1. Collect the residues in the range 32-50 that are in a loop (DSSP other than H, G, I, E, B), at pLDDT 95 or above and buried (at least 16 other Cβ atoms within 10 Å of the Cβ), keeping them in residue-number order.
2. When you look at Ser166, is it of a type in the set (S, T, N, Q), under 25 Å from Ala234 (Cβ atoms) and in contact (Cβ under 8 Å) with a residue 40 or more places away in the chain, yes or no?
3. Any idea which of Val175, Val224, Val165 is modelled with pLDDT of 95 or more and closer than 21 Å to Lys89 by Cβ?
4. Among the listed residues Leu261, Leu237, which satisfies the condition of being in contact with a Pro (Cβ under 9 Å, 6 or more places away or on another chain) and either not aromatic (Phe, Trp, Tyr) or not assigned by TED's automatic domain parsing to the domain that holds Glu146 (or both)?
5. Can you name the residue in the range 35-87 that is acidic (Asp, Glu) and farther than 17 Å from Asp12 by Cα and is also nearest to the chain's Cα centre (by Cα) among such residues?
6. Among the listed residues Ile242, Ile172, which satisfies the condition of being within 25 Å of the chain's Cα centre (by Cα) and more than 30 Å from Lys100 (Cα to Cα)?
7. Inside the range 154-188, can you point out the residues that are in a helix (DSSP H, G or I) and of a type in the set (A, V, I, L, M, F, W, C)?
Amino acid sequence: MSSKSIFPEPGDLVVATVSQIMPYGAYVTLDEYEKEGLLHISEVSSSWVRNIRDHIREGQKVVLKVLRVDAEKGHVDLSLRRVTGREKKEKLFEWKRARKAEALLKMTAEKLGVSFNEVQQIAGVKIEEYYGGLYEGLEDASERGEVALTKLGVPENYATALVEVSRAKIQIPRVKVKGLLELTCPQSKGVDVIREALVSAKNFKKPREAAVEMYVVGAPRYRVEVSARNYKEAERLLQGVIETAINAVKAAGGYGTFKRLEA
């Protein structure tokens, strides 16, 4: 919600701005922590880097993985080559949501005629503690109204202002993840087993506003598509759907595999 005064942990993904490029690497500013870090040239790409400027530039936003942290010396070593495409996409998605949520809190403070810190302490902290993220809470409030916030102890006038601002600025997103599910059951009633497994998987408990679609590609292959409000929900639901289908077939003596497809 606000810039952190602590250091990230090794293994964390961070959003950073490239501030200075040197022959041996690049210095970056960690946007979420107000800290500086070093991206060594050996961690820029998996292939040989002839010119680091062919890969990054000053002012560029990048998603990096934290390798080492020396809090006493203030050193943070980072990697670009160890960040997968999916990790980059999901991290930027979360970071943009966090920035937008902070902007909504500032707008609410102006609407109420109070300071940003006051709104943050009276409402923001409660929302983050309950939902795990400020944007997630404001998104829910934009759908369900003031009750989503007042039940957390947020004063009614703050809840009303937050809902009004959120409804004006938040469009409920939908993300989709998909893949190919292959199910085989050599038993005499194998077709029935697979059909029931797919039905059970499609009926797997879903978060609000989520959906599961299945299409026959050509037996024994089935296309599975899951849509949800965010990547975490979508990934969690997809995993539950796939495990339900495969476990049901395995219990009847069959087997199954799953292969992800790019969304």
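1. If the condition is that a residue be in a loop (DSSP other than H, G, I, E, B), at pLDDT 95 or above and buried (at least 16 other Cβ atoms within 10 Å of the Cβ), then Val44 is the only one that fits.
2. Answer is yes for this residue.
3. Val224
4. It is Leu237.
5. Result: Glu58.
6. Ile242
7. Hits for the range 154-188 are Ala159, Ala161, Leu162, Val163, Val165, Ala168.
Table: residues versus (1) closer than 17 Å to Leu261 by Cα; (2) surrounded by 14 or more Cβ atoms within 10 Å (Cβ to Cβ).
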{"residue": "Leu181", "(1), (2)": "yes, yes"}
{"residue": "Val193", "(1), (2)": "no, yes"}
{"residue": "Arg208", "(1), (2)": "no, no"}
{"residue": "Tyr222", "(1), (2)": "yes, yes"}
{"residue": "Tyr231", "(1), (2)": "yes, yes"}
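The values are calculated or read from the model by the stated rules, or taken from the named source; none is laboratory data. A quick note: this is a predicted structure, and the numbers were derived from the prediction, not measured. Using ideal geometry, Cβ is built from the backbone for each residue, glycine included, and neighbour counts are taken over all protein chains shown.
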